[in-house]
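In what follows, a single structure is set out as structure tokens and then discussed.
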Amino acid sequence: KAAVMDGDKFDYEEELALEKSKAKSSVLEALHEERKKLPIYPFRDEFLKAVHDHQVLVIVGETGSGKTTQIPQYLHEAGYTKNGRMIACTQPRRVAAMSVAARVSQEMGVKLGHEVGYSIRFEDCTSEKTVLKYMTDGMLLREFLAQPELESYSVVMVDEAHERTLSTDILFGLVKDVARARPDLKLLISSATLDAEKFSNYFDCAPIFKIPGRRYPVEIHFTKAPEADYLDAAIVTTLQIHATQPPGDILVFLTGQEEIETTEEILKQRMRGLGTKIAELIICPIYANLPTELQAKIFEPTPEGARKVILATNIAETSLTIDGIKYVIDPGFSKMKCYNPRTGMESLLVTPISKASAMQRAGRSGRTGPGKCFRLYTAYSFQNDLDDNTPPEIQRTNLANVVLTLKCLGIEDLINFEFMDPPPIDAIKKALELLYALSALNVGGKLTKVGRRMAEFPLDPMLSKMIVASEKYKCSDEVISIAAMLSVGNSIFYRPKDKQVHADNARMNFHTGNIGDHIAHLKVYNSWKENNYSTQWCYENYIQVRSMKHARDIRDQLAGLLERVEIELTSNSNDFDAIKKSITSGYFPHSARLQKNGTYRMVKHQQTVHIHPSSGLAEILPRCVLYHELVLTSKEYMRQVTEIKPQWLLEIAPHFYDLKDVENSSSNKMPRGHGLA
Ligand code: ADP
Ligand code: MG
């Protein structure tokens, strides 16, 4: 045909292809050279021998030594995937799993998702070809449900073990058991810190393989007096470094997305104020929900004459290694999950970091040359206010999800499960109580059919229960949309600083009729769908397209899971009460009543709470509400709130509430002391 006949074009294309492949191989070559420079490289053969000789190995090496990116490749090159089995490498954070997989696919010169892939909740980027699978620890935990002996893997590397996330801690117990049953399975536990002895002891004295690190001296500066506003101090320090210090990038540790965005904005403003006399400052944020396209930016080399400042959450402490950092700014805080086993309430709190974290953070500046760390707290505070270590997550979190998973795996005796550090007995009890209240367990603590169905959903048990209950109320179609929207988090609405009034008006359009936040979410989703999933529609309504697409994705997966548990997709869109009753079936423990003073009180345990200002019901103050989650800022706020009828609590959860709880809500309306005289 014409294209083939056209000699010129043919030559040209061939040449272009040749150029491209030359460019590609030179990139590969460069990456190959970089790989050889990593601290782990000289130990490649020794490492492979150790894996060959031992079933379980604990690996310790400084951040950046090449554990995460190189070890799976070495094993692949040494033939550990020849038997058709994969190498799993778990990461505590989704961003790390994605970013590392992307890097390794580049180094191997393959397309991401082919030989090298990743798997995170609601996103599976792997294929038949995949041999190296980076995944969150939570995903591997879920894989146990489908394959209790992890048959598809020849090696499991539990990476970032020092982070001691809840899923990692549970994985320890499970993989230890599998390793006994499967002598052919290799188990690697890798950590960036020196608590390796503890891991080794836990794994029956497994040998420790140390990768000697290169570390340059880091100069530590403390503030003379405590800082009243650490964000402002971080910004001022960044600009001072930029104006006065020799070249080298800056890494600032902040606590979350909101803080990072605020800091980014202020930094941009102040830089504009400084005009062109000062060198360019490239600002790169990195946090869990940062869109994938922007994640790569932090790894791009800084252009000559410019300086990069990375505004990161804890993710940059050990999970991600960014080259070129010379200055670290450490305000001394991170967001930590806290759980009160008495009330069963969980919240994310900004808390002082531990001494161990502070050391890790400082270390990030001395990886490629001498560095400086600016701690925005006093030396006294470091010595006296910071704990030595952060307690493992298992000791400060709600265990309901994990207990449900373990029950599904047939692990009945939770008290005697081989925990590295056991959780508080109260927390286990609370989890069992909640699962019983949700009818996932029976009185004897055995898994019920409802529980088994709930466990199919990779969601919090309350959310799974809400979905499973939608069968009864014939509104599964609506409920999975709501569940998907809730799973996206708080990034649906977009509120630009200069258009807040418009944005708020657009948002309130979805709230007409005081339908509550859950159903408002449903309205947003459905309107978007009615508008053919239009991007333009999102812009007009101050809604984040990206979040909506993510929600659609999650929703599709939830629909697939419904099929798996044999719940029909039925729609009951005009019956808001049916939808609200489904929500109540999962969230009845989160009910609160209005008090005379305008605050709310939890029905079950008298805790005072408030409706979050972002809620559509913030000004309405219904008599009785349910909330999705609690956030603690200046007060305990309920986020995502819906009004319910108090009698529903009795109807839906008679084993949890009694008449007294519900009647109180009306008697509160009466003046106190009434009838006493
Ligand atoms: P470790 O796991 O021991 O902390 P890594 O294997 O993560 O070390 O990192 C080794 C090297 O790979 C580092 O120099 C780091 O800069 C580089 N690297 C890791 N991930 C990426 C990425 N996504 N993009 C570019 N470079 C990366
Ligand atoms: Mg690593």
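The values are calculated or read from the model by the stated rules, or taken from the named source; none is laboratory data. All values derive from a computational prediction rather than experimental measurement. Backbone-built Cβ (ideal geometry, glycine too); neighbour counts: all protein chains shown.
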- Any residue in region 320-339 that's without any contact (Cβ under 8 Å) to a residue 12 or more places away in the chain and more than 24 Å from T378 (Cβ to Cβ): show its pairings with residues that are among the aromatic types (F, W, Y) and away from ligand 2 (no atom under 16 Å from the Cβ) at Cβ separation under 8 Å, as long as the two are six or more apart or on different chains. none
- Message: Checking the structure you have, find out if any residue of region 270-290 is of a type in the set (K, R) and either closer than 30 Å to G61 by Cβ or buried (at least 20 other Cβ atoms within 10 Å of the Cβ) (or both).
- Response: no
- Task: Could you grab me the full set of residues in region 66-91 that are free of Cβ contacts under 8 Å to residues at least 60 places away in the same chain and within 9 Å of ligand 2 (Cβ to nearest atom)?
- Result: T69
- Query: Which one of A50, A17 is more than 28 Å from A192 (Cα to Cα) and part of a helix (DSSP H, G or I)?
  - Reply: A17
- Could you tell me whether any residue of region 164-182 is in a strand (DSSP E or B) and out of contact with any Phe, Trp or Tyr (no Cβ under 9 Å at 6 or more places or on another chain)? no
- Task: Take region 354-363 and flag every residue that is crowded, with 21+ Cβ neighbours inside 10 Å and in contact (Cβ under 8 Å) with a residue 40 or more places away in the chain.
- Result: S357, Q360, R361, G363
- Any idea which residue in region 278-323 is nearest to L267 (Cα to Cα), counting only those that are in a helix (DSSP H, G or I) and within 16 Å of ligand 2 (Cβ to nearest atom)? I298
- Task: Among the residues of region 275-303, count how many are farther than 24 Å from R495 by Cβ and in contact (Cβ under 8 Å) with a residue 12 or more places away in the chain.
- Result: 11
- Item | Boolean, G138 is away from ligand 2 (no atom under 16 Å from the Cβ), more than 26 Å from R214 (Cα to Cα), part of a loop (DSSP other than H, G, I, E, B) and of a type outside the set (V, I, T) | no
- Hey, could you check region 340-361 for residues that are within 16 Å of F382 (Cα to Cα) and assigned to a strand (DSSP E or B) and say which is modelled with the lowest pLDDT? T351
- Go over the candidates P341, P331 one by one and state the one that is within 20 Å of R601 (Cα to Cα) and either within 16 Å of ligand 1 (Cβ to nearest atom) or in contact with a helix residue (DSSP H, G or I) (Cβ under 7 Å, 6 or more places away or on another chain) (or both). P341
- Note on the structure: E107 vs (1) buried (at least 21 other Cβ atoms within 10 Å of the Cβ); (2) part of a helix (DSSP H, G or I); (3) within 16 Å of ligand 2 (Cβ to nearest atom): all pass except (1)
- Going by the conditions given, is G66 near ligand 1 (Cβ under 10 Å from one of its atoms) and out of contact with any Leu (no Cβ under 9 Å at 6 or more places or on another chain)? no
- Item | Within region 279-298, tally of residues that are modelled with pLDDT of 90 or more and more than 17 Å from the chain's Cα centre (by Cα) | 6
- Item | Residues of region 621-635 satisfying the condition of being touching a strand residue (DSSP E or B) at 6+ places or on another chain (Cβ under 8 Å) and either part of a loop (DSSP other than H, G, I, E, B) or at pLDDT 90 or above (or both) | L621, P622, R623, C624, V625, L626, Y627, H628, E629, K635
- Query: Can you name every residue in region 300-326 that is surrounded by 12 or more Cβ atoms within 10 Å (Cβ to Cβ), over 24 Å from D137 (Cα atoms) and within 11 Å of ligand 1 (Cβ to nearest atom)?
  - Reply: D323, G324, I325
- Query: Within region 118-125, is even one residue within 30 Å of P291 (Cα to Cα) and of a type in the set (D, E)?
  - Reply: yes
- Leading residue by the ranking (nearest to the chain's Cα centre (by Cα)) among those in region 39-64 that are aliphatic (A, V, I, L, M) and away from ligand 2 (no atom under 16 Å from the Cβ): V56
- Residue identified as more than 19 Å from K186 (Cβ to Cβ), crowded, with 24+ Cβ neighbours inside 10 Å and within 16 Å of ligand 1 (Cβ to nearest atom) among A161, A101: A101
- Message: Are there helices (runs of 4 or more DSSP H) fully within region 458-570 with at least 1 residues that are over 20 Å from the mean Cα position of the chain (by Cα) and free of Cβ contacts under 8 Å to residues at least 24 places away in the same chain? List them.
- Response: 500-508, 517-530, 535-540, 545-564
- Message: Where the second residue is away from ligand 1 (no atom under 11 Å from the Cβ) and the first is among the acidic types (D, E) and lies in region 99-118, which pairs have Cβ atoms under 7 Å and are six or more apart or on separate chains?
- Response: E115/M108; E115/K129; E115/T130; E115/V131; E115/L132
- Note on the structure: The condition from (1) away from ligand 1 (no atom under 16 Å from the Cβ); (2) more than 21 Å from the chain's Cα centre (by Cα); (3) among the aliphatic types (A, V, I, L, M) that V350 misses is numbered (2)
